[in-house]
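The next block holds one structure in the form of structure tokens; read it before the comments.
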Amino acid sequence: MSAVSVLNDVTTQAPTLLAAVPLPMADGPRADFSDTPWWLSLIKAVGIFVYLLLSVLVVIWAERRIIGRMQQRPGPNRFGPFGVLQTLADGLKLIMKEDVTPKNADKVMFIIAPLMVGSLAFVSFGIIPMGGEVSMFGHTTPLQLTDMPVATLLVLAVAGVGAYGFVLAGWSSGSTYPLLGGLRSTAQVVSYEIAMGLSLVAVFLYAGSMSTSEIVAAQDRWWFVFPLFFSFIVYIITMVGETNRLPFDLAEGEGELGGGFHTEYSSMKFGMFFLGEYINMFTVSALATTLFLGGYNAPWPIGAINDGMFNEGWWGLLWFTAKMWLFIFFYVWLRGSLPRVRYDQFMKFGWKVLIPLSLIWVIAVMLMRAADPSIGYFGEGRLPVIITTALIIVGVVGGIMLLMSRLEKREAQRQEDRRPPAEVDPFAGGFPVPPMPGQTLREPAPRQRAVAPAQPLSGDTGAGDAGATEAGSTTTTTTTAVADREDTDETTGHTTGEDTRD
Amino acid sequence: MSGGEALLFWVLGPTCVLGALGLLFARKAVHAAMAMALVMVGLGIFYIAQYAEFVGIIQIFVYSGAVMMLFLFVIMTVGTESSISPIETISGQRAWGWILVLLFGGVAMYGVARVTFPEPVGLGGAQAEGTVTALAREIFSRQVISFEVLGSLLVIAVMGAMVLAHRERLVPRATQRVLAADRVRRNTFVAGKPAPGVYARHNASDVPALLPDGTPADVSVPRTLVARGQTVPVPYRGVDPAGTPPDAEAADTAPPSTRRGDQA
Amino acid sequence: MSVLETSVGLALADPSAVRAVEATGTSALAWLLIALPLLGAALLLIGGRATDSFGPLLATLLSWGSFVVGALIVLQLSGLAEDERAMSVPLWDWVTAGDLSVHAGLLIDPLSMAFVLLITFVGSLIHVYSLGYMEHDPDKRRFFAYLNLFVAAMLILVLADSYLLLFVGWEGVGLASYLLIGFWNHNPAYASAANKAFVVNRIGDFALIIAMAYMLATFGGLDFATVHGSAGSASTTILTIIGLLLLLGACGKSAQFPLQSWLGDAMAGPTPVSALIHAATMVTAGVYLVVRSQAIFDLTPEARLAVAVVGAITLLYGAIVGCAKDDIKKALAASTMSQIGYMMLAAGLGPIGYAFAIFHLITHGFFKAGMFLGAGSVMHGMADRVDMRRFGGLSGMMKITWLTFMAGWLAILGVPPFAGFWSKDKIIESAFVDQGNGAWQAWVFGLVALIGAGITAFYMSRLFFMTFHGKARWEDDVDPHESPLTMTVPMIVLAVGSVALGFILSWRGTFASWLEPVTGHVEHHEPVLSVPVIMGLTLVLVIIGGAIAWLRYGRDEVPVVAPVGSFATRAARQDLFQDEFNENFLRRPGASLVAGLEVADDDVIDGGLVGGTSRGLAGVADVVRRAQNGFVRTYALTMLAGIVAILGAVWVIQ
Amino acid sequence: MNLTAYIYLATLLFAIGALVVLLRRNTIIVFMGVELMLNACNLALITFARMHGSLDGQVYVLFVMVVAAAEVVVGLAIIMSIYRARRSASVDDANLLKL
């Protein structure tokens, strides 16, 4: 009865309670597209397309140069100054190569798959704010193709659909390694999308919106990378997982799968995968910039100059590109430094480390937000913030200590199990062995005891120890004493019998 | 419905129907799944067009991205080659199915046509605060109990799926450490198997690698190829070993010391 | 005619339950009486092995705690005026169904408190005794849990303020008795003894249930206040039926004729159990029931006569059986039966006997428990032998046991000034009183009681001499020794009671006047023989009985193996063929009846009605099951057909 | 052209989904047919929400999605284990419950 009434209370009062909750920010996008005619959007779309293609051309060259530098070799240096035109040459080569389709392949899907990968990669970039409001052809418009209240989710959605490309490529090739690569890719995307989504949730909680322009606007004072450092780390890890880049490029895995899902692809179809992979890199990097590094806002000392002069207009594009390239460099750095992880370890890391930790983190962020004075679920003033922070710190530290102690205990147990027994019987194996360090030698049995038959009822394992047997015989119970007597009788009888025979 | 939306409807609507029909007629399960994914993305776009942006994105994200991916995963695990013969086994099933579905469609459409729908109100009022906020208020106030119940349902479903898919291991999985120790103990391939093509004259997996002394390492050829009889015999110092295809199985089990002795 | 005379002549006071006021002070804590031992039982049973170490001690302490509460309540009661000594402790609404509403509550009045003191005091003593007796039993904790359970159930029984709650206690003690008789249930004979006790008791319980049903139908309630208050308005026939049913219930629990067969076998339980349950407390529940229901029995002389007749038969029956038993515990059990027969006889005599029945019950509780404990002590010293023919001459080896047993022996013989004298002689005297329904009754009951006293003297002396005197006849491997203090102290306490309790309680009629609010005050009628004559005759008979026993078993050699004996002896040894009677005249006909019913059930009901229906259904199902072809898609098709049909119907109708 | 068009589309998709369930024998495809029917209902719900200017429809769509996800997870696990035991993905082969 009481449970029902409680339920009743919740259902009737919750709306009024929630209606009173103030929301820090508006839900909808900040960016104003009211002054943007359709042709201007078209121009922006083409602009993004060109921007991305150019970036890809540059990044492939840059990657090879940087890795070359890291590996103490020159890298491409033949075409153009510093080999800048190398990518172009590679692209031309790809286009002109023979396009092979395996006999066993599923023709339609074999063609659709790279198209999906190549084309879907561009979609997500549409919601990335690359700059503030600029004036183009007499219209004031944000440097962003479009925005919507759920813009950030769109990236995840498109990434999810894009994964079909890899899966289908793997399946439609009609051979084993690609299929395995496709399966891996499926599992990888599904698994890491969860952790990625959770890291985004923390951002949403701070920004109060899922619209990208709103999120950028919410970072005008603090970039989210500082309060949400953990989400940032998780996002960085998952974004590498999502884009199939080293050290997480298990779907390709040259060593194991001979190239993974794109083993059977050649010519421009392969080029599409290549393109898709790099554009995806740009997309997730751009998203990271937007979500954590303040988007197109200028970094702190510059942003403060002359009342934010460098935040205005086309300047944003510069800061945005710079920050995005930071991540690209990180990608390259990773590739140059880390070997590929093992597949099961990769999955284990995603499911057993990233997701649980992210969950805990989201809860902590939720509490922090609720305690924030501007929202004030827990009351007015600074006190709730301090208390909540303290509680979270205590919880985290306590959890870590608990974990450490358990690990330590397990390690100690393992050590204990591994430690050789304290005493060693030198003749156990039939020939003498020396003791290990820290081991003591068991005293050999006295000679006279070795002749007498074993005592079945005395119960002490150290039968060889003369002192122990003596002590035992003084304290034996009646039954033992009787048994002893019988024993000796038997032995004497036996010997006499032998005597007579002799 | 504005002109743009009508255009969208007349483009996406038939696409969705085609996708659904694809589900009905596709021979291969993967094609069916892709058709289904197409329908789901289309529906997601419809939702967005109908001012349900959040639901639409979630539809694409969850349904197309996760649920259909799961379907694909299962299709690939279970085996893509459908061994189900196209001949209908239940007599009358196909005819009756068509008849009843057409009847159902007819009756339902007739019903929809008969009903007078009210003048559309639109979501402007309901979503004044923004689509996400409005939906959140709805879910976390009036529907909060259903929401919590759904949460527990999900947890239970996950547990159930894990129990169903779980297979008890009879012996503990061999770890890398164990495998390495085992290799050393048996003294076979202590440094790992030779990769195909090492010291070889051909860079292909069906060509056995050559050992430093020039003898072919049969074990370097994948067993699958051996089973299929797709290996390429390698002439060794003028002796053509054709006719005695490298037997990888035997090579795997036989201790290498004896093999080396044989060759020497 | 006679009904009118009795009810007028006896000037009966209201039954105490009718006047009960709500309890105050210590009495309001009366629930503690039950709660403490119940808690002990629960702790020990639920706690399991964790309580092995301290459980028995805890159970004993809780039992003593219950006694302390009881004593405090009695103190409070004795400070009140006589007619204020009935209190009720309402606990909760128990059964509320339609017009019927039964409240669970406790009734505190002199009668129930007398029982409470007996139960808790003797019970606690026996707890202490068991600490020693059961010391080496691996299941000691379980034993104490059951003991506590028994005490709690027995207290519910006597404290209940309604027949329904009384029945709960009634069943509870039955359960505890069952569990304790079969405590060593690894021995199949013991386990079946427990079953026997349980089954025989069911007959009595069944009668009690029917009696309650009658009460419910007649009075519309089951609490004592309602039933007793309106007993006068019911017809005599109904009252007689209820009375006879109550009597049958009492017979089952108190091992009275014809339901006496289980008591002898119940001695399979550990001896403390025999002392507590099968001598001092539970078996006297029947007497309690009759006395408690006096409002009914007072109004129906026929039922009362039946009570007296049952009592008389049982007292002779038990005495005769007791003469032939060689198993010390079985002999004591027969004696218990016989003594309860005395109590029933007294209760059946009506208002003049109620107080004496209870008085004898209390004194008997002491001396019989004492003797059982003595028997236990003997068994303890004699390696668990029970055959008296292998005892003898133990008086030197077990001085304390011998002395305490002697106190009990003299008490049961009715030798002045021991306890039994004060209570039993009163019963014999009352039996000789002519209550206006024919002098023959007084003569018959009086003589039966008198002769019973003589036989009692014989067989109890036989038991005593065979055990403690004469030549030592024990086997070589037994080593008689005195028991430890935990066992002897309770025996000594009980022996003191056996010696002095009778005198103390009848000093200036203390006990009778204590019970007066319940049993009513009765003008003393003169017996058909004068009191000194009766007392003299009794004493003479007792001395003769004792003397014969001395001559045959004290002075003469007792054969180690029982001689074949006369037909009477053999019959008595076999409990006067009660088991054979039960087997041949009750169980066999019952079994045949059941077999016949089974045939009828199989052939007519199962075969014709049920079978026909099921065959018909199976025929239909044979046709219908073709629809279940195992193809999901067919089912889906059917479903869709249903949907189409419904949608179509909806449109058509609209 | 008004919002009713969406309802017709939903009806059509639902009918096709039913047909898939009735006619296809691959367990996984049958399952997808069920999902298609659910999605058709969702479309109708979204449209109704817009018609009535209330968010209930959208909320229910979310709930349906959650339930469908749970159902898919368990259902696919069942299909997997049936496949493991019987080496078949045909609905008609899982007919142990017939007479």
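The values are calculated or read from the model by the stated rules, or taken from the named source; none is laboratory data. On a predicted model such as this, the values are computed, not experimentally measured, just so you know. Cβ placement follows ideal geometry from the backbone for every residue including glycine, while neighbour counts extend to all protein chains displayed. Only protein heavy atoms, including side chains, enter the accessible area calculation; ligands, DNA and RNA are left aside. Shrake-Rupley method; radii C 1.70, N 1.55, O 1.52, S 1.80 Å.
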Kindly provide the set of residues from segment C:126-140 that are of a type outside the set (Ser, Thr, Tyr) and either in contact with a strand residue (DSSP E or B) (Cβ under 6 Å, 6 or more places away or on another chain) or open to solvent by 10 Å² or more (accessible area, probe 1.4 Å) (or both), ordered by number. C:VAL128, C:LEU131, C:GLU135, C:HIS136, C:ASP137, C:PRO138, C:ASP139, C:LYS140
Which number in (1) more than 12 Å from every other protein chain (Cβ to nearest Cβ); (2) among the hydroxyl-bearing types (Ser, Thr, Tyr); (3) surrounded by fewer than 24 Cβ atoms within 10 Å (Cβ to Cβ) marks the one condition that A:SER175 misses? (1)
Filter pass, C:ALA595 being out of contact with any Lys or Arg (no Cβ under 6 Å at 6 or more places or on another chain), among the aliphatic types (A, V, I, L, M), surrounded by 11 or more Cβ atoms within 10 Å (Cβ to Cβ) and more than 30 Å from B:THR116 (Cβ to Cβ): no
What tally of residues in segment C:451-479 results from selecting those that are of a type outside the set (Phe, Trp, Tyr) and surrounded by 19 or more Cβ atoms within 10 Å (Cβ to Cβ)? 14
Quick check, is D:ILE79 under 29 Å from B:LEU100 (Cβ atoms) and modelled with pLDDT under 90? yes
Among residues of segment A:54-76 being free of Cβ contacts under 8 Å to residues at least 24 places away in the same chain and part of a helix (DSSP H, G or I), the residue nearest to A:GLY271 (Cα to Cα) is A:LEU54
Cβ-Cβ below 8 Å, separation at least six or inter-chain, first residue in segment C:32-45 and open to solvent by 40 Å² or more (accessible area, probe 1.4 Å), second among the polar types (S, T, N, Q): which pairs? C:LEU32/C:SER66; C:LEU38/C:ASN148; C:LEU43/C:THR51
Taking C:ARG389 as the residue in question, decide whether it is within 26 Å of C:VAL542 (Cα to Cα), surrounded by fewer than 22 Cβ atoms within 10 Å (Cβ to Cβ) and of a type in the set (Lys, Arg). yes
Can you pull out every residue in segment B:34-47 that is open to solvent by less than 10 Å² (accessible area, probe 1.4 Å) and either among the acidic types (Asp, Glu) or more than 9 Å from chain D (Cβ to nearest Cβ) (or both)? B:ALA37, B:GLY42, B:GLY44
Residues that are within 14 Å of chain D (Cβ to nearest Cβ) and in contact (Cβ under 8 Å) with a residue 24 or more places away in the chain, at least 2 per element: which helices (runs of 4 or more DSSP H) completely within segment C:535-654 meet that? none
Conditions: (1) touching a residue at least 60 places away in the same chain (Cβ under 8 Å); (2) more than 28 Å from the chain's Cα centre (by Cα). A:ASP307 meets all but one. Number of the miss? (1)
Looking at (1) open to solvent by 50 Å² or more (accessible area, probe 1.4 Å); (2) within 19 Å of the chain's Cα centre (by Cα), which one does A:LEU383 not meet, given that it meets all the others? (2)
If you take the residues in segment B:86-105 that are of a type in the set (Gly, Ala, Ser) and at the interface with chain D (Cβ under 9 Å from one of its Cβ atoms), which one is farthest from D:ASN26 (Cα to Cα)? B:GLY105
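Within segment B:48-70, can you find the residues that are within 11 Å of chain A (Cβ to nearest Cβ), over 16 Å from the mean Cα position of the chain (by Cα) and open to solvent by less than 30 Å² (accessible area, probe 1.4 Å)?
Answer for segment B:48-70, where residues must be within 11 Å of chain A (Cβ to nearest Cβ), over 16 Å from the mean Cα position of the chain (by Cα) and open to solvent by less than 30 Å² (accessible area, probe 1.4 Å): B:ALA52, B:VAL55, B:GLY56, B:ILE57, B:ILE58, B:GLN59, B:ILE60.
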Would you confirm whether or not segment B:187-203 contains a residue that is at pLDDT 85 or above, open to solvent by 100 Å² or more (accessible area, probe 1.4 Å), within 32 Å of the chain's Cα centre (by Cα) and not aromatic (Phe, Trp, Tyr)? no
Considering segment A:218-232 alone, what residues qualify as being more than 23 Å from the chain's Cα centre (by Cα) and open to solvent by less than 30 Å² (accessible area, probe 1.4 Å)? A:ALA218, A:GLN219
Scanning for something of a type in the set (Asp, Glu) and buried (at least 24 other Cβ atoms within 10 Å of the Cβ), does segment C:188-205 turn up at least one residue? no
Does B:LEU170 count as touching a Lys or Arg at 6+ places or on another chain (Cβ under 8 Å) and either more than 9 Å from chain A (Cβ to nearest Cβ) or at pLDDT 85 or above (or both)? no
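If you take the residues of segment A:126-161 that are of a type in the set (A, V, I, L, M, F, W, C) and touching a strand residue (DSSP E or B) at 6+ places or on another chain (Cβ under 6 Å), which of them is farthest from the other protein chains (Cβ to nearest Cβ)?
Looking at residues that are of a type in the set (A, V, I, L, M, F, W, C) and touching a strand residue (DSSP E or B) at 6+ places or on another chain (Cβ under 6 Å), I get A:VAL134.
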Being open to solvent by less than 10 Å² (accessible area, probe 1.4 Å) and part of a helix (DSSP H, G or I) is the filter here, so list the residues in segment A:279-298 that pass it. A:ILE279, A:MET281, A:PHE282, A:THR283, A:SER285, A:ALA286, A:LEU287, A:ALA288, A:THR289, A:THR290, A:LEU291, A:PHE292
Might you let me know whether segment B:103-122 holds any residue that is under 39 Å from the mean Cα position of the chain (by Cα), in contact (Cβ under 8 Å) with a residue 60 or more places away in the chain and not in a helix (DSSP H, G or I)? no
Determine which single condition A:TYR164 fails, assuming it passes every other condition in (1) at the interface with chain B (Cβ under 10 Å from one of its Cβ atoms); (2) open to solvent by 10 Å² or more (accessible area, probe 1.4 Å); (3) in a helix (DSSP H, G or I). (2)
Can you give me the number of residues within segment B:9-33 that are of a type in the set (A, V, I, L, M) and either under 16 Å from D:ARG25 (Cβ atoms) or buried (at least 24 other Cβ atoms within 10 Å of the Cβ) (or both)? 7
For B:VAL121, only one of the following conditions fails: (1) farther than 28 Å from D:LEU19 by Cα; (2) crowded, with 16+ Cβ neighbours inside 10 Å; (3) at the interface with another protein chain (Cβ under 7 Å from one of its Cβ atoms). What is its number? (2)
Among the residues of segment C:490-510, is any open to solvent by less than 20 Å² (accessible area, probe 1.4 Å), among the aliphatic types (A, V, I, L, M) and more than 19 Å from C:LYS329 (Cβ to Cβ)? no
For C:ALA636, state whether it is within 30 Å of D:ILE79 (Cα to Cα) and loosely packed, with under 13 Cβ neighbours inside 10 Å. no
Considering C:LEU263, C:LEU244, C:LEU316, C:LEU216, which residue is assigned to a helix (DSSP H, G or I), under 19 Å from C:ILE203 (Cα atoms) and open to solvent by 10 Å² or more (accessible area, probe 1.4 Å)? C:LEU244
Here are some conditions: (1) over 30 Å from A:ASN297 (Cβ atoms); (2) open to solvent by less than 70 Å² (accessible area, probe 1.4 Å); (3) part of a loop (DSSP other than H, G, I, E, B). A:PHE79 meets all but one. Which one does it not meet? (2)
